[in-house]
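> One structure follows; several queries about it will come next.
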Amino acid sequence: MGKRYKTFEVYLVYIDADKCDGCEECVKMCPVNVFDMSHKAYPTRPQNCLGCGTCVALCKSNAIIITEI
Ligand code: SF4
Ligand code: SF4
């Protein structure tokens, strides 16, 4: 068995719609355009997520959870 290297990461992007107040900060600040707005934020393009944590840090409602899978 050769040594195995991790070559990519995949992230789950979850928004708790009950907590989201629709401030749009995550939509504006995500560098890879994961979110769209329709009253609440929604992770329309989760496959883009880099796991940078910017959205989690700036969401005042603590509505966003990023999980590495
Ligand atoms: S930053 Fe948080 S509260 Fe604001 S739109 Fe995004 S998920 Fe909703
Ligand atoms: S962790 Fe970074 S790349 Fe992923 S959705 Fe949040 S701001 Fe966008």
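> Kirkwood Rh over Cα pairs of the range 11-68 into Stokes-Einstein at 20 °C, 1.002 mPa s: D in µm²/s?
196 µm²/s
> Step through the residues of the range 32-45 one at a time and calculate ³J(HN,Hα) from phi using the Karplus curve (6.51 cos²θ - 1.76 cosθ + 1.60, θ = phi - 60°), rounding each to whole Hz and writing x for Gly and Pro.
Rounded to whole hertz, the list is 10, 6, 6, 9, 10, 10, 8, 6, 10, 6, 9, x, 5, 10.
> When only DSSP loop residues count, what GluC sites (Glu not before Pro) in the chain have their Cβ near at most 14 other Cβ atoms within 10 Å? Spell out each step's value before the answer.
On the way: sites: Glu9, Glu24, Glu25, Glu68; in loops: Glu9, Glu24.
Passing both the DSSP loop test and the Cβ count: Glu9, Glu24.
> Specify the longest stretch of the chain that does not include any exposed loop site, a site being one of the trypsin sites (Lys or Arg not before Pro) with a non-H, G, I, E, B DSSP assignment and at most 12 other Cβ atoms within 10 Å. Don't skip to the answer; put the middle values down first.
Details: sites that count: Lys3, Arg4, Lys6, Lys60.
For trypsin sites (Lys or Arg not before Pro) (loop position, at most 12 other Cβ atoms within 10 Å), the longest site-free span of the chain is 7-59.
> Can you compute the charge dipole magnitude of the chain about its Cα centre, using +1 on each Lys and Arg Cβ and -1 on each Asp and Glu Cβ, nothing else charged? Give it in debye, rounded to the nearest 20.
Numbers: 8 positive and 8 negative charges, 78 e Å.
The calculation lands at about 380 debye.
> While we're here: With θ set to phi - 60°, apply the Karplus curve 6.51 cos²θ - 1.76 cosθ + 1.60 along the range 7-22 and write out the HN-Hα couplings as whole Hz, x wherever there is a Gly or Pro.
So the J values, rounded to whole Hz, are 10, 7, 10, 10, 10, 8, 10, 10, 10, 7, 5, 5, 8, 4, 9, x.
> Still on this structure, please answer the following. In the chain, which cysteines lack any other cysteine Cβ under 4.7 Å from their own?
So far as the 4.7 Å Cβ criterion goes, Cys20, Cys23, Cys30, Cys49, Cys52, Cys59 stand without a partner in the chain.
Laboratory data are not the source of any read-out in this text; all were calculated from the coordinates shown. Because the structure is a prediction, the values reported are computed rather than measured. All Cβ positions, glycine included, derive from the backbone under ideal geometry; neighbour counts span all protein chains shown.
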